[in-house]
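Worksheet: one structure, shown below.
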Amino acid sequence: MAVVAEAPTRLGAIRAIPRRFVIAGILALWLVIFAVFRGHQTLALAAADLTGLHRWFNDVNDSIGADRNSNPLFLYFFNEIRLVIDNLVTFIQSLISQSSGGRGVPQIGWLGVVGIVGYLSWALGNVRVALLAMAGFTFFGLQGLWQESMDTLALTLSAVFVSLLIGIPLGVWAGMSDRANRIMTPFLDFMQTMPTFVYLAPLTLFFLIGPASATIATLIYAAPPAIRITAHAIRTVPETTVEAAYSLGSMRRQTLTKVLLPMSKRTVVMGINQTIMAALAMVTIAALIDAPGLGKTVVKALQSLDVGTAFNAGLAIVVMAIVLDRVTTAASERSATGVPAAEGRGRGRTAGHPGGHFLKWRRHLLVAGGVAAAVLVYLSHTYVWAAEFPGEGSTGSTIASAADTVTNWAQDHLSGMTNALRDTVTNGLLNPFQSLLTDSPWWLVGAVLVAVGAVLGGRRAGVTAGACVALLVGTGMWSDSMTTLASTAVATVLVMALGVVVGVWMGRSPMADRLIRPSLDAAQVMPPFVYLVPFLALFGATRFTAIVAAVVYAAPVTMKIIADGVRAVPETTVEAATAAGSNTWQIITKVQLPMSRSALALAVNQGLIYVLSMVVVGGLVGAGALGYDVVAGFSQGELYGKGLAAGLAIVLLGVMFDGITQAAARRTTAVNGRRH
């Protein structure tokens, strides 16, 4: 009885040990065993070596390529899908971008496009957004990138149309059915965490290189936000409202069309906003499989290290993203109130309100605006001066020249500092950690990952980590996975360091938030290729360049999350700490950061996922490991299977760390909730 009574006491004592001490103990034990078994059972695989799984993937690839024109599945399914999507993209391109029907210019020229964009932005948003949209589209012409921009817009619109056509009905279904939601969630997680490069190669196998593969790749990336946000919107409609509708005799379809969809309209429009942003980010990456538009210009500039051209095209992408974001955001506000913020709130505010006269005449003004837009379309269809953007794009040449000048100056004057920074991080942080991971026996690293997962995220996270470790071994890419893991961990540490410093500053200072947030928005929508070029010029083709690119890509989202977490700390708590004599450092370290632990855990989660999504991009600039394996598999037929296995390994790393960090975030939130 004494032994039975002591057991719970010992277990309780173990649980009472702070997690940081348990983690420190695990790491210390790892170092001891590493010293004994270093270099044994590391599962290293030479660059040209293949496993049985890789060869099987190659055989499947060859088989599909041989049967594309004879197999009924291709003749009556995949080829038909490709034909429909190709026709959709070609139709939109013929309207605004490419010459068609024997004409030397598109059906609608630049003046007509600017008129349509301005009118729609005003009708869906407000005057301010309309002026921004018209200025943004005119800027594309001044840059000398009108046709490339219209190609990108055509591909984006096609992908968004198909994504919403599929995503909104599925989102409604998931919102109304728990079973459907449970079935869809793992697929959506898989679609969002899988690196985009991973499915580019299989898609070209089924749909060939061209707009169809690019559109479907964009669909895979852009549809999940539409499904998730639509489902969330449906589920957040008050239950009492739905019950009231049923009690009044409404049928299921009537409840959906008369209650659920109207009450969730604003959130659904925000889902459309996110889908557009995701599609725009993806269409540039899809340039690798011959997607037309600005992305192709950026990729060509990357290959020739033409910083100026890449920056000019990247700037056009950012401007397009800002315009589309602001228009859909304004449309979301209008859908919620019926009146945009710039013109007054509330349906009843007409007479006696400063914006009342405008609202009273809005319908007439919309008709007049529609007529004006139709006139501009007619002019652009009829006259060459309104169809082709005038000028040679001198503004774009000036921007490119300025970017080249800045890059050359940085290379001439900052090379000493950049080389020192690169060598310090590589030799002081990256190399030792990579050696620890790649030279340890696979079973030791696997046990450490499972133990850390269980301590931080609980039993389920530990089981998930164990399953992912087993599958990583099965892919035959263990050693490269550990090399990638080392770079990912170092990049995430740097991301969190930046995120805490800048996020705390933004959270404490509204002015800093207003100044920094637009730059973070631009960094999030700018394609990774754009800032790879200057980093490549500054640091060369090394692992450090890939880490810097990943940090730039992942830091904005962590900064925003941490800033929101710090801002959410009750003002009364901060004032109480100030009244007790705490200085600024003490308030940050003793009050605001501890009370923002759930936001910090979420920031770690998002930082890791964003860094992992840059692994393949890093493979283009010398990162090696899994990123290089995917790129090599994409370009070399004999390494196709190995590249596909490398892509699966990246997904497994993402699933493992996503599971651990999400579980840790939930645990932290629960602890904070109990404390409150």
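The values are calculated or read from the model by the stated rules, or taken from the named source; none is laboratory data. Note that the structure is predicted; figures quoted are calculated from it, not measured. Glycine gets a Cβ as well: all are built from the backbone with ideal geometry, and neighbour counts include every protein chain shown. Keep in mind that these areas ignore ligands, DNA and RNA; they rest on the heavy atoms of the full protein, side chains included. Shrake-Rupley method; radii C 1.70, N 1.55, O 1.52, S 1.80 Å.
List of remarks:
- Of the residues Ser519, Ser435, the one with the largest accessible area comes first in the ranking Ser519, Ser435, computed with a 1.4 Å probe on protein heavy atoms.
- Accessible-area composition of the range 52-99, carbon plus sulfur, in percent [1.4 Å probe]: 61
- Per residue, in Å², the accessible surface of the range 147-302 once ligands and nucleic acids are set aside, probe 1.4 Å: 42
- Accessible surface of the range 547-651, 1.4 Å probe, proportion on carbon and sulfur as whole %: 62
- Cα centroid of the range 39-109 to Cα centroid of the range 452-510, whole Å: 32
- Per-residue SASA entry for Val630, accessible area with 1.4 Å probe, Å² rounded to 10: 10
- With R₀ fixed at 22 Å, the C-beta to C-beta distance from Leu27 to Trp443 puts the FRET efficiency at about 0.85.
- Sorting Lys642, Lys296 on solvent-accessible area from highest to lowest, probe radius 1.4 Å, gives Lys296, Lys642.
- Excluding ligands, DNA and RNA, the accessible surface per residue across the range 416-511 is 41 Å² with a 1.4 Å probe.
- Distance (nanometres) between label positions extended 7 Å along Cα→Cβ at Arg68 and Val36: 5.5
- Each of Phe34, Phe91, Phe139 has its accessible area taken with a 1.4 Å probe; listed largest first, they run Phe91, Phe139, Phe34.
- Once the C-beta distance of Ala497 and Thr578 is scaled by a Förster radius of 30 Å, the resulting FRET efficiency is 0.70 to the nearest 0.05.
- Prolate/oblate/rounded call for the range 217-299, Cα gyration tensor, a/c under 1.5 rounded: prolate
- Each of Val367 and Asn419 was given a label point 7 Å from its Cα along the Cα-to-Cβ line. The distance between the two points is 7.3 nm.
- Accessible area (Å², 1.4 Å probe, nearest 10) - Asp480: 40
- Atom-type composition of the exposed protein surface of the range 156-277 places 66 percent of the accessible area on carbon and sulfur (1.4 angstrom probe).
- Ligands, DNA and RNA aside, Lys265 has an accessible area near 100 Å² when probed at 1.4 Å.
- For Gln143, the residues 5 or more places off, or on other chains, whose built amide H falls under 5 Å of its own are Gly396.
- Between the range 552-566 and the range 296-324, the C-alpha centres lie 25 angstrom from each other.
- Cross-link reach list, lysines versus Lys642, counting only Cα pairs under 23 Å and skipping chain neighbours closer than eight places: none
- Heavy-atom accessible surface of the range 22-61, averaged per residue, reaches 64 Å², computed with a 1.4 Å probe.
- Note on Lys590/Ala374: beta-carbon distance plugged into 1/(1 + (r/R0)^6) with R0 of 51 Å gives a FRET efficiency of 0.20.
- Net charge contributed by nearby residues that have their C-beta within less than 15 Å of Gly624 (K/R +1, D/E -1): 0
- Part-to-part distance (alpha-carbon centres) for the range 363-424 and the range 151-173, which is given in Å: 26
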